[in-house]
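One structure is given here, and the rest of the page talks about it.
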Amino acid sequence: MSYTHLEIIYDDFPIKYRLRDHPVVTKWIKRLQLAQKQYPIDDTKRFYGFGSYEDQVTDSLNKINSCIDTINNFEPIIDKKMTDINDQDTLNYLHHIFEVYHGVLDQQDHNFWKRSPKEVQTALADLNVLVHMCESVSRGANPRHVVTYYGLPKTETLALEDYKYFTSDIEFGTIYLNYVEIGKTLEDLTIDNDQYIGDDAFRPFRHYSADFNVKFYDYRQTDNDYAKIKNYYDKNLSFFESQGYPWGHPYLTSGQIPLADIEDPDIGRDRFKEYMLTTLEQKQKVTSVNLL
């Protein structure tokens with residue numbers, strides 16, 4: 001069956017997104033169909049950037065510190081907590097804790113993970129999500145939401161020719177393929193200035209799944225953004241070359257792959273943006289995701 005749209009119902013509010021016409025969309029649809037046969041959406045309320053900035057800061061700090069407490073109550077492996085939403089160094093440290101004790105993609109083989117009760121395993125997995133939640137708030141609280149199916153094995157990888165569909169520009173109301181690796185891309189390492197990440201946690205955007213995110217803001221990559229990434233690469237040239245990644249390699253590509261675009265009613269782009277943001281402020285639950 002050929003699909004043209006993805007419908008997302010927010011509480012009782014349906015919105016259609018027109019699917020783009022490129023091969024990655026077809027691959028992603030297959031994973032989405034498989035996920036929906038076996039798994040519910042992990043968190044139907046995974047929205048970012050809505051509400052007052054102050055409330056978002058308070059909520060993010062409370063959640064991540066509560067998560068840390070849950071882990072440490074089982075065994076004290078974390079010796080830092082978040083007191084400042086802009087403390088990127090501590091966020092990098094917490095992300096490193098997640099990588100070490102959770103394990104890389106679909107390989108949860110650390111002894112701590114194996115002997116942890118379910119609630120601690122959940123908290124450790126949530127630590128990754130909450131680190132990115134804090135980063136999202138600290139970097140401007142841009143509105144978006146994420147849909148994931150954690151249980152679906154991450155077995156599929158992008159072909160080299162798929163990387164031409166990446167873009168670093170962000171369009172309001174566009175659906176993007178989610179990064180599902182356990183680690184960080186070159187772009188992430190640059191932005192985070194991460195001093196804790198191990199060599200094995202540099203993970204290019206290779207695997208893909210049914211997971212996606214929807215952005216409700218606009219952004220254009222600047223020459224300065226590009227220069228920062230190139231500068232980080234040059235400073236760590238020996239590492240990247242030892243991994244087989246010369247500058248320009250597809251696995252170093254920045255951005256995400258767009259999958260679908262929101263269909264605007266005939267009321268003007270600015271009015272529609274305001275309408276969507278106002279509506280989603282009150283309807284922060286993904287009731288269903290449907291291919292049409």
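The values are calculated or read from the model by the stated rules, or taken from the named source; none is laboratory data. The structure presented is a predicted model; accordingly, all values stated were derived computationally and were not measured. Here the Cβ is made from the backbone with ideal geometry for all residues, glycine too, and neighbour counts use every protein chain on show.
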Cβ-Cβ under 7 Å pairs, at least 6 apart or on other chains, the range 274-287 side within 14 Å of ILE9 (Cβ to Cβ), far side among the aliphatic types (A, V, I, L, M): VAL286/ILE8; VAL286/ILE41; VAL286/VAL147; THR287/ILE9
Could you grab me the full set of residues in the range 124-161 that are of a type in the set (Ser, Thr, Tyr) and in the same structural domain as ASN178 (by TED's automatic domain parsing)? THR148, TYR149, TYR150, THR155, THR157
Going residue by residue through the range 136-147, is there one that turns out to be part of a helix (DSSP H, G or I), surrounded by fewer than 19 Cβ atoms within 10 Å (Cβ to Cβ) and free of Cβ contacts under 8 Å to residues at least 24 places away in the same chain? no
Quick one: ILE182 ticks every box in (1) part of a loop (DSSP other than H, G, I, E, B); (2) of a type in the set (Val, Ile, Thr); (3) within 27 Å of ASP21 (Cα to Cα) except a single one, so which number is it? (3)
Any residue in the range 51-64 that is within 25 Å of ARG115 (Cα to Cα) and of a type outside the set (A, V, I, L, M)? yes
With the structure loaded, tell me whether ALA210 is buried (at least 18 other Cβ atoms within 10 Å of the Cβ) and in contact with a Ser or Thr (Cβ under 9 Å, 6 or more places away or on another chain) or whether it fails that test. yes
Being part of a helix (DSSP H, G or I), closer than 21 Å to ASN142 by Cα and out of contact with any helix residue (DSSP H, G or I) (no Cβ under 6 Å at 6 or more places or on another chain), is that true of even one residue in the range 229-249? no
Would you confirm, using the coordinates I've provided, whether GLU156 is under 26 Å from ASN224 (Cβ atoms), charged (D, E, K, R) and touching a residue at least 24 places away in the same chain (Cβ under 8 Å)? no
Could you please find all residues in the range 156-179 being assigned to a loop (DSSP other than H, G, I, E, B) and either in contact with a helix residue (DSSP H, G or I) (Cβ under 9 Å, 6 or more places away or on another chain) or within 18 Å of PRO250 (Cα to Cα) (or both)? LEU158, ALA159, PHE166, SER168, ASP169, PHE172, GLY173, ASN178, TYR179
Selection from the range 248-273 of residues that are within 24 Å of the chain's Cα centre (by Cα) and surrounded by fewer than 12 Cβ atoms within 10 Å (Cβ to Cβ): GLY248
Name the residue that is farthest from LYS154 (Cα to Cα), counting only residues in the range 17-72 that are acidic (Asp, Glu) and part of a helix (DSSP H, G or I). GLU54
